[in-house]
Structure formats: structure tokens, C-alpha cells
1. Name the single residue, out of those in the stretch 76-92 being touching a residue at least 40 places away in the same chain (Cβ under 8 Å) and more than 20 Å from the chain's Cα centre (by Cα), that is surrounded by the most Cβ atoms within 10 Å (Cβ to Cβ).
2. Which of the numbered conditions does ALA135 fail, given that it passes all the others? Conditions: (1) in contact with a helix residue (DSSP H, G or I) (Cβ under 8 Å, 6 or more places away or on another chain); (2) surrounded by fewer than 18 Cβ atoms within 10 Å (Cβ to Cβ); (3) under 17 Å from ILE38 (Cα atoms).
3. Please tell me if MET68 is over 30 Å from ASP56 (Cα atoms), at pLDDT 90 or above and either crowded, with 19+ Cβ neighbours inside 10 Å or of a type in the set (S, T, N, Q) (or both).
4. Among what's in the stretch 60-75 and is touching a residue at least 40 places away in the same chain (Cβ under 8 Å) and not in a strand (DSSP E or B), pick the residue that is farthest from ASP100 (Cα to Cα).
5. Among the residues of the stretch 201-216, is there at least one that is of a type in the set (A, V, I, L, M, F, W, C), in contact with a Lys or Arg (Cβ under 8 Å, 6 or more places away or on another chain) and over 17 Å from ALA50 (Cα atoms)?
6. Just for the stretch 44-64: of the residues that are in contact with a helix residue (DSSP H, G or I) (Cβ under 6 Å, 6 or more places away or on another chain) and not hydroxyl-bearing (Ser, Thr, Tyr), which one is farthest from ARG109 (Cα to Cα)?
7. Within the stretch 97-111, can one find any residue that is buried (at least 18 other Cβ atoms within 10 Å of the Cβ) and either outside any strand (DSSP E or B) or under 9 Å from the mean Cα position of the chain (by Cα) (or both)?
Amino acid sequence: MRRFLALASLTVTLAVAAPLRAQQNDAEKLFRAMEEKIMTAKSLRVAAMAVQKFGDEAVNYKGHGLMMQGNKARFELEFEIYGTTIKKRRVSNGSQMIVDEPGAGPDARPTPVNMNKILSGALASCGIVMATELACSSGDLARFELDKNVPVSNFKMGVKEKVGNAEAQVIEYIVKFGGERDAPVKLWIDTKTNLPLKRVMEYQGSWTETYSELVLDAKVDSKEFDLPK
């Protein structure tokens with residue numbers, strides 16, 4: 001099980017210095033525009049399926065995320081490993097939140113003031129599974145810094161390809177998780193919406209994540225963020 005979701009090192013490892021954002025190439029400009037669009041949205045709803053492959057083994061994931069201004073958020077992740085279904089959840093009403101992890105039970109704590117900035121930034125660079133793992137981790141999210149814990153660099157422009165019926169521009173870049181090795185990422189960005197369609201990342205196996213929904217600035221019912229009792 002250690003082979004899968006070994007995200008403990010991602011939570012709060014402050015060993016990597018923030019990269020200098022020098023002159024940006026076209027691939028980085030495209031990524032930064034997508035990142036800003038996600039991070040500045042008034043609301044965000046995302047759903048994705050992901051597969052993590054490690055040798056001959058594979059684990060399937062379902063991830064759902066919902067965020068709204070005011071640090072309101074709901075992130076849920078479900079996957080099955082070795083015959084056991086595992087569910088994780090974090091719900092924030094803006095001031096308080098519940099973190100629910102297997103074996104730990106619901107844990108109430110204050111909502112970090114920068115939570116949605118962190119989670120939307122992690123979604124842009126790493127994907128919904130990694131963002132949900134970060135949201136549901138037991139680490140101190142308030143101490144997490146995107147440019148130190150998950151810096152992105154080495155942007156390259158790829159080809160244009162179809163993802164389903166949508167035309168996408170492929171870009172490649174590197175994510176560095178804490179002080180660990182580089183994780184190469186290949187990202188398909190919708191040429192019309194400038195939002196992610198698909199992502200492949202090499203990090204403790206190969207991750208392929210496909211987005212079935214990624215909607216910005218839609219009307220969201222505030223009841224979605226009621227804390228579970």
C-alpha cells in the first residue's frame with residue numbers, strides 16, 4: 001500500500017526554495033493563464049477519474065471537488081486498494097472544517113485562511129487526486145506554500161491533440177514535490193476554455209487523470225458546505 005498515494009511527503013515539506021519566474025516561454029504562459037483562471041474563480045466544481053499504475057498493479061480513483069469564495073470547500077476521494085474501499089473527505093464552511101480519513105474518524109479544526117488558494121493551485125499543477133489528498137491530509141495545511149512545496153518548472157510546448165471531441169494543446173512541465181525527485185507532467189489544455197482536460201504524471205507510478213467536469217463561476221448552493229454531523 002505504500003506504493004500508492006505516498007503523499008505524506010507532499011503535505012508540509014518546506015525543503016525546496018521557490019523558483020524564480022524569469023522570462024516565460026509560450027508553454028508557461030499558457031499554464032499560468034490556466035492556473036490564474038482556476039485560482040481566481042468565484043466558484044469551482046471539478047470531477048475526474050484517475051488511474052495510478054505501478055508495475056502490473058493499478059488503482060482507480062474518483063475525485064470530486066467544490067470550492068466557493070470565502071474558503072468554503074468540499075473535496076472527496078474514493079478508491080479501492082487490495083479489496084478495500086477507501087473514502088476521504090474534507091468539508092469547510094469557511095471558518096471551520098471537518099477532515100474525515102479512514103482510521104482516524106472526523107476531525108474538526110479551524111479552516112486555514114489560505115486554504116482555497118492552496119487547493120486550487122494544487123489542482124492546476126498536480127490534479128484533483130493530489131489536491132484532494134492534500135486537502136484530506138493530517139498535515140498543517142496553513143504552512144503549505146505552493147511555490148515551495150509543489151513548484152513547477154521546465155515548461156515545453158507539445159502538439160495539439162483531441163481529447164474526446166475537444167481540441168487540446170499539450171504542454172509538458174516538471175512538478176517537484178517537497179524535497180523529492182522531479183515528477184514529469186503532460187497536460188492537455190482545452191483550446192477553447194483554457195482548462196485542463198487530461199493529465200499524465202510520473203510520480204510513484206504513472207498517473208492518468210481525465211476530467212469529466214471542470215466548471216468555473218457557476219451558481220453553488222451554500223448548503224453544499226454544511227459541516228457533516
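The values are calculated or read from the model by the stated rules, or taken from the named source; none is laboratory data. Owing to the predicted nature of the structure, the values given are computational and were not obtained by experimental measurement. Cβ sites come from the backbone with ideal geometry, for glycine too, and all protein chains shown count toward neighbours.
1. That would be ILE81.
2. Answer for ALA135: the failing condition is (2).
3. On the way: over 30 Å from ASP56 (Cα atoms): yes; at pLDDT 90 or above: yes; either crowded, with 19+ Cβ neighbours inside 10 Å or of a type in the set (S, T, N, Q) (or both): yes.
Here the answer is yes, as MET68 does meet what is asked.
4. Among them, the one singled out is GLN69.
5. Scanning the stretch 201-216, I find at least one residue that is of a type in the set (A, V, I, L, M, F, W, C), in contact with a Lys or Arg (Cβ under 8 Å, 6 or more places away or on another chain) and over 17 Å from ALA50 (Cα atoms), so the answer is yes.
6. Pass one, the stretch 44-64, residues in contact with a helix residue (DSSP H, G or I) (Cβ under 6 Å, 6 or more places away or on another chain): 46, 48, 50, 61, 63.
With not hydroxyl-bearing (Ser, Thr, Tyr) added as a condition, the list becomes 46, 48, 50, 63.
Numbers: VAL46: 24, ALA48: 27, ALA50: 29, GLY63: 23 Å.
Residue satisfying both the conditions and the ranking: ALA50.
7. Yes, the stretch 97-111 contains at least one residue that is buried (at least 18 other Cβ atoms within 10 Å of the Cβ) and either outside any strand (DSSP E or B) or under 9 Å from the mean Cα position of the chain (by Cα) (or both).
Each row is one residue, and each column tells you yes or no for (1) small (Gly, Ala, Ser); (2) in a strand (DSSP E or B); (3) at pLDDT 95 or above.
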residue	(1), (2), (3)
GLU35	no, no, yes
THR85	no, yes, no
ARG90	no, yes, no
VAL129	no, no, no
GLU133	no, no, no
